[in-house]
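One structure is given here, and the rest of the page talks about it.
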Amino acid sequence: METLLMIKYGELTTKKANRKTFISILQKNIEQMLKEENVEIISDRVRMYIKGENLSEIEKKLKKVFGLHSIVFCYKVNTNVEEIKNQISFLLKKEMGKTFKIITKRADKTFPIPSMEFSRQMGAYILKNFDLKVDVHHPEIPITIEIRKEGTFLYTKENPGIGGYPVGIQGKGLLMLSGGIDSPVAGYLALKRGVSVEGIYFESPPHTSLEAKNKVIKLANILNEYSGHFRLHVVPFTKLQEEIYKKVPSDYMITIMRRMMYRICERYAKKNHFKILINGESIGQVASQTLDSMLVINHVVNLPVVRPVACFDKLEIIDLANKIGTYETSILPFEDCCTIFVPKHPVIHPELNKCEEYEKNFDFEPLIEECIEHIEVITDLKPKTYEDIL
């Protein structure tokens with residue numbers, strides 16, 4: 001008998017001709033996530049098997065790997081009726097319950113006994129040797145027997161993975177990561193669809209604090225738990241933001257600031273081979289996220305802008321932030337550059353011609369280039385505790 005973890009791919013099985021590529025990237029991501037564990041990973045078209053010394057700890061890490069439909073603690077035995085019976089006996093001595101069901105999956109068609117017949121035989125064996133009853137609808141102990149060419153695998157529980165596609169299968173995306181609740185959730189959802197996400201953060205010292213920056217580093221570190229290779233790009237935004245504050249009417253400051261941010265993100269993204277921009281905008285949530293605002297702000301870029309939470313309400317976003325572990329960090333009271341100069345009455349239906357006219361009030365091109373030239377890239381995302389941030 002051999003104890004191991006079985007990985008079921010789920011959505012990857014729909015990829016047919018591309019399945020091999022998807023599984024190869026998934027295996028590399030798992031190897032990255034388990035680099036500190038002593039493991040052996042074996043994969044084929046429909047299953048992946050992981051052998052290691054601390055399977056419970058390994059499973060915890062695997063629950064943050066995208067592309068996994070389910071993770072199964074299972075026992076591998078030779079495809080021999082007596083060995084299978086012995087393993088069933090071993091399983092039942094560990095399980096609590098009064099009802100059972102046998103589910104046989106005969107992937108290896110050279111095994112001579114059809115699935116239904118084998119389930120009946122194993123069920124008869126249990127009824128004869130254990131004080132249990134059959135319940136085919138709601139069994140307390142569902143016993144699955146997978147008969148495959150590489151051996152027979154038995155298990156009673158199947159734990160869900162987080163699904164999605166393996167990170168990296170779709171190429172790179174640049175996430176506009178603020179210190180708020182929405183953008184980390186947007187980054188998580190982009191990762192789930194196979195995008196290799198990196199963050200870009202706009203800091204504006206002395207108007208924004210080191211604590212605000214550390215807060216975003218902490219959020220980046222949490223996202224890295226789902227990615228394994230998250231990097232944070234920090235833009236020095238002070239000079240450009242101060243010019244906007246001086247030269248642009250107050251009601252249009254946020255709109256113009258966002259247009260400048262988009263310009264910087266697009267140029268930096270193209271320079272570093274990102275395919276899309278990602279942000280946490282939710283339709284109508286704030287002034288810069290009305291449809292009119294999005295239209296005017298988007299006008300300065302031609303890269304696709306993906307908004308994963310665009311149609312979520314705030315409570316839905318908060319629920320997901322709690323689930324992925326970013327909420328408590330996001331609500332720490334440190335302001336980012338999007339909130340420090342917010343006017344009392346920002347325009348909610350900006351006009352493109354006015355934006356273009358106000359932008360003529362100052363020479364922003366050299367300031368944009370200076371921002372891009374001095375971007376800081378943070379690769380060592382060491383965990384930040386609440387005390388670190390304070």
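The values are calculated or read from the model by the stated rules, or taken from the named source; none is laboratory data. Worth saying up front: this structure is predicted, and the values here are computed from it rather than measured. Positions of Cβ are backbone-derived with ideal geometry, glycine not excepted, and every protein chain shown enters the neighbour counts.
One residue stands out among those in segment 268-297 that are closer than 24 Å to L191 by Cβ and surrounded by fewer than 17 Cβ atoms within 10 Å (Cβ to Cβ): the one that is modelled with the lowest pLDDT, which is I283.
Within this structure, K213 passes the test of being in the same structural domain as V286 (by TED's automatic domain parsing) and more than 30 Å from L26 (Cβ to Cβ).
Among the criteria (1) surrounded by fewer than 16 Cβ atoms within 10 Å (Cβ to Cβ); (2) touching a residue at least 24 places away in the same chain (Cβ under 8 Å); (3) within 30 Å of V195 (Cα to Cα), the one K60 does not fulfil is (2). On the stretch given as segment 2-21, residues that are within 12 Å of G67 (Cα to Cα) and modelled with pLDDT of 90 or more total 2.
Only one entry in P205, P184, P236 is within 26 Å of K63 (Cβ to Cβ), of a type outside the set (K, R) and out of contact with any Gly (no Cβ under 7 Å at 6 or more places or on another chain), namely P184.
Selection of first residues in segment 115-133 that are of a type in the set (S, T, Y) and of second residues that are assigned to a helix (DSSP H, G or I), restricted to Cβ pairs under 8 Å at least 6 apart or on distinct chains, gives the following pairs, ordered by first then second residue: Y125/K85; Y125/I88.
Only residues that are in contact (Cβ under 8 Å) with a residue 12 or more places away in the chain and over 18 Å from the mean Cα position of the chain (by Cα) were counted across segment 310-343, and they come to 14.
Can you find even one residue in segment 328-337 that is modelled with pLDDT of 95 or more and among the aromatic types (F, W, Y)? No, every residue in segment 328-337 fails to be modelled with pLDDT of 95 or more and among the aromatic types (F, W, Y). Look at I256 and say whether it is closer than 29 Å to G67 by Cα and touching a residue at least 60 places away in the same chain (Cβ under 8 Å). When the stated conditions are applied, I256 does not pass them. Of the residues K133, K192, the single one that is at pLDDT 95 or above, assigned by TED's automatic domain parsing to the domain that holds E225 and of a type in the set (K, R) is K192.
Based on what the data block shows, is V46 aliphatic (A, V, I, L, M), surrounded by fewer than 16 Cβ atoms within 10 Å (Cβ to Cβ) and assigned by TED's automatic domain parsing to the domain that holds G151? Let's see the steps before the verdict.
Values: aliphatic (A, V, I, L, M): yes; surrounded by fewer than 16 Cβ atoms within 10 Å (Cβ to Cβ): yes; assigned by TED's automatic domain parsing to the domain that holds G151: yes.
It is true that V46 is aliphatic (A, V, I, L, M), surrounded by fewer than 16 Cβ atoms within 10 Å (Cβ to Cβ) and assigned by TED's automatic domain parsing to the domain that holds G151.
Scanning segment 248-286 for residues that are more than 22 Å from G173 (Cβ to Cβ) and either under 28 Å from the mean Cα position of the chain (by Cα) or not assigned by TED's automatic domain parsing to the domain that holds F364 (or both) turns up G284, V286. So if I check each of P160, P166, which one is touching a residue at least 12 places away in the same chain (Cβ under 8 Å), touching a Ser or Thr at 6+ places or on another chain (Cβ under 7 Å) and over 30 Å from E82 (Cα atoms)? Among P160, P166, only P160 is touching a residue at least 12 places away in the same chain (Cβ under 8 Å), touching a Ser or Thr at 6+ places or on another chain (Cβ under 7 Å) and over 30 Å from E82 (Cα atoms).
Taking the criterion of being in the same structural domain as I7 (by TED's automatic domain parsing) and under 40 Å from the mean Cα position of the chain (by Cα), would at least one residue in segment 119-130 satisfy it?
Of the residues in segment 119-130, the ones in the same structural domain as I7 (by TED's automatic domain parsing) are 119-130.
Add one more test, that the residue is under 40 Å from the mean Cα position of the chain (by Cα), and what stays is 119.
Taking every residue of segment 119-130 in turn, at least one turns out to be in the same structural domain as I7 (by TED's automatic domain parsing) and under 40 Å from the mean Cα position of the chain (by Cα).
When both residues are 6+ apart or on different chains and their Cβ atoms are under 6 Å apart, which pairs have a first residue that lies in segment 211-230 and is in contact (Cβ under 8 Å) with a residue 40 or more places away in the chain, and a second that is among the charged types (D, E, K, R) and not in a helix (DSSP H, G or I)? The qualifying pairs are A212/D336; N214/K384; I217/K384; K218/K384; E225/K64; Y226/K64.
Within the set M6, M33, the sole residue that is in contact with a Cys (Cβ under 7 Å, 6 or more places away or on another chain) and either touching a residue at least 40 places away in the same chain (Cβ under 8 Å) or under 20 Å from R148 (Cβ atoms) (or both) turns out to be M6. Is there a residue being in a loop (DSSP other than H, G, I, E, B) and touching a strand residue (DSSP E or B) at 6+ places or on another chain (Cβ under 9 Å) anywhere in segment 87-95? Checking segment 87-95: at least one residue is in a loop (DSSP other than H, G, I, E, B) and touching a strand residue (DSSP E or B) at 6+ places or on another chain (Cβ under 9 Å).
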